[in-house]
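The values are calculated or read from the model by the stated rules, or taken from the named source; none is laboratory data. On a predicted model such as this, the values are computed, not experimentally measured, just so you know. We work out accessible area using only protein heavy atoms, side chains counted, and drop any ligands, DNA or RNA first. Shrake-Rupley method; radii C 1.70, N 1.55, O 1.52, S 1.80 Å.
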Amino acid sequence: MTTATDGLPAAAPSTTATGPAHGATAPAEDAAPSPEGSALPWCADPYADALRAGRGPLHLRRPDGRLLPLDIERWCAEADAVDLDVLRRCEGAVLDVGCGPGRLVAALAAQGRRALGIDVSEAAVERTVRLGGQALRRSVFEPVPGEGRWGTALLIDGNLGIGGDPRALLRRVSRLLAPGGLLIAETVPADVDERVHVRVQDARGSTGAPFPWARLGTPALLRDARRAGWHTTDQWTAGNRSFAALRTRSEGRGVGGRGGGGSRGGGRG
């Protein structure tokens, strides 16, 4: 397993709940956001209210009127067995992209592991910090501390949808990781590949501003990942959730991961 002494961030930066790290200096090349994306807000009031309350119901409303449920209660609970298995697979310092209310960052911190969450929602960052994790209010397409040195990036709880352009997101994440770094992504447990504009909607029908989103099953992720230069190292299902592990290219380093590219089955009994 890679450690922080292998060129990764020596420690997660000290943070506040609402802004960049105190004293954290981003590399010089971080002076401008990536041209592939921008700060795309998922910070509508219904979402912030749900995170602060720790409960839903909450949905993403599609233009055709269909509602996609958001699992707010699970996100606001402690990391469960499926989450902990994901965290056991992580290597080195971990960047949780779209950390939400912070259960994964907090679990890593409780294990004494280096981790940072980033999220555009102030409520998400506040909750992560209250749980004992470190987090920044930041879009993944903006400068991020430790660019090019993270051991693992997480795109969990549908966060492959961030920005509505999975290939741009995968290219961006590859620049955040160290050479040969690991990405663990959660996919839709079906063969889905769609790009939509959605709004967050609560039980009262209140909605936030529209924003672009994407939904990918594992086959669609693997297609986009190959085109973006990633190598697939594992796929598995657990608790009715689907995951894939990918690696960036690295000279002189193998791309095999835990499981050697095989599949792991599982499910909620």
Under Karplus coefficients 6.51, -1.76 and 1.60, residue-wise ³J(HN,Hα) of segment 211-226 in Hz, glycine/proline x: 8, x, 8, 9, 10, 10, x, 4, x, 5, 4, 5, 5, 5, 5, 4
Karplus 3J(HN,Hα) series, Hz, for segment 228-237 with 6.51 cos²θ - 1.76 cosθ + 1.60 (x for Gly, Pro): 8, x, 8, 10, 7, 10, 6, 9, 7, 10
Sulfur and carbon atoms: percent of accessible area, segment 71-122 [1.4 Å]: 49
Calculated from backbone phi, Karplus (6.51, -1.76, 1.60) coupling profile of segment 152-168 in Hz, x at Gly/Pro: 9, 10, 10, 10, 10, 6, x, 6, 4, x, 3, x, x, 9, x, 5, 5
Average accessible area per residue (Å²) across segment 172-249 - probe 1.4 Å, nucleic acids and ligands excluded: 38
